[in-house]
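Chemist: Provided herewith is a single structure, encoded as structure tokens, for subsequent inquiry.
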Amino acid sequence: MSTKEDAQKSAESTTAIKKKSGGFTDEERAAMKERAQELKAEARPKKGKADGESDVLAKIAEMPEPDRAMGERLHAIIKASAPVLSPKTWYGMPAYAKDGKVVCFFQSAQKFKSRYSTLGFSDEANLDEGAMWPTAFALKELTAAEEAKIVALVKKAVS
């Protein structure tokens, strides 16, 4: 291959790299970076339940209103309903784990510029009901009725 061809191929590959891929959004890439940092932090010794709680409370404090108030209330509900769950962050979101495995998490509406916040459950949650069941719930606000449903879901998830 000639030097001219090498230079042309190099310029083409550089141009291809500079083009924005149609893949992940900026928010998704940020969440993946946060997850990588979380995994590194979990690998360090002395990472305990208190550290996880302070990480979760810090993430909630970063949220804009009304997501912050909803996150604070969900944190209190989940801690009271399922003390066996340990707070931790997961992809930069407040999450709650049993034996190190995430059972449920809170995704603020602002995280991915959505019109509602989400309370989600992983496959570790014991919510199985027949051949199909919900694993995520849209939240616009928390009233007493929603809080009662969340308490029941969280208790069932850890049963």
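Chemist: Of these, 23, 52, which one is at pLDDT 80 or above and outside any helix (DSSP H, G or I)?
Modeler: Exactly one of 23, 52 is at pLDDT 80 or above and outside any helix (DSSP H, G or I), namely 23.
Chemist: Working only within region 79-136, note down all residues that are under 26 Å from residue 25 (Cβ atoms) and of a type in the set (D, E, K, R).
Modeler: 88, 111, 113, 115, 123
Chemist: Can you tell me which of 88, 155, 79, 101 is within 21 Å of residue 43 (Cα to Cα) and either in contact with a helix residue (DSSP H, G or I) (Cβ under 9 Å, 6 or more places away or on another chain) or surrounded by 15 or more Cβ atoms within 10 Å (Cβ to Cβ) (or both)?
Modeler: Answer to the selection: 88.
The values are calculated or read from the model by the stated rules, or taken from the named source; none is laboratory data. What you see is a predicted model; the values in this text were computed from it and never measured. Using ideal geometry, Cβ is built from the backbone for each residue, glycine included, and neighbour counts are taken over all protein chains shown.
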